[in-house]
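Take a look at the structure below.
The values are calculated or read from the model by the stated rules, or taken from the named source; none is laboratory data. In this text, all values refer to a predicted model and were calculated from it rather than measured experimentally. Every residue, glycine as well, gets a Cβ built from its backbone with ideal geometry; the counts of neighbours run over all protein chains shown. We work out accessible area using only protein heavy atoms, side chains counted, and drop any ligands, DNA or RNA first. Shrake-Rupley method; radii C 1.70, N 1.55, O 1.52, S 1.80 Å.
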Amino acid sequence: MMEEKAGGCQCGRIRYSVRIEDHDAYLCHCRMCQRATGGVSIAFKSVAKAALTWQHEPDWYRSSLIARRPFCSACGTPLGFAFPDSDAMDLTVGSFDDPSAFRPVRHYATESMHEASIDTRTLPRIRSEENANVVQRWIDACGKPPD
């Protein structure tokens, strides 16, 4: 069953909508994705390019000899990964308006995987609203914490 999902960058300049068939995602651990995102891995959703509509075309950079990546040059949000000669591309799960439905079903480029970052169930958890310093900064800036 096809479902329409929307997403975009942090500042809102780049917006997209895409038709997806499922909620399968994957975690990429390759060194290029680590460098491109500054993280130890990135969650991607593979989509058909024909099913994707950009309301405002993203900026693109050639991240390697074989691929390029869409991003927002205003806020820096990484939006995906694409081989130019493929009918499919990947969108960053975190750029979807509601990423909660997506579930990773596989790891990719496990030779660069940081095992200590995979299972974090035993780490202490702190909610944003429990950090008084950050909450006060938001209140000082705009009168309320973010939604």
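Structure above, values below:
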item: Net length gained if the chain between Thr53 and Arg103 were fully extended (0.36 nm per residue, minus Cα distance); result: 15.7 nm
item: 12 Å beta-carbon shell around Arg69, net charge (K/R +1, D/E -1); result: +1
item: Peptides 114-127, 39-52 ordered by average Cβ neighbours within 10 Å, highest first; result: 39-52, 114-127
item: Net +/- balance of residues flanking Lys45 in space, Cβ distance below 11 Å, scoring K and R +1, D and E -1; result: -2
item: Size descriptor, Kirkwood hydrodynamic radius, that averages inverse alpha-carbon separations across the range 96-147, Å; result: 14.8
item: Nearest 10 degrees, 0 to 90: helix 132-142 Cα axis against the chain principal axis; result: 80
item: Surface share of carbon and sulfur [accessible, 1.4 angstrom probe, percent] for the chain; result: 53
item: The range 1-47 - Kirkwood radius from inverse mean 1/r over Cα pairs (Å); result: 12.3
item: Lysines with Cα under 30 Å of Lys144, excluding same-chain neighbours fewer than 8 positions away; result: Lys5
item: Accessible area per residue in Å² at 1.4 Å probe, computed on the chain; result: 65
item: Probe 1.4 Å - accessible area at Met32, Å² to nearest ten; result: 90
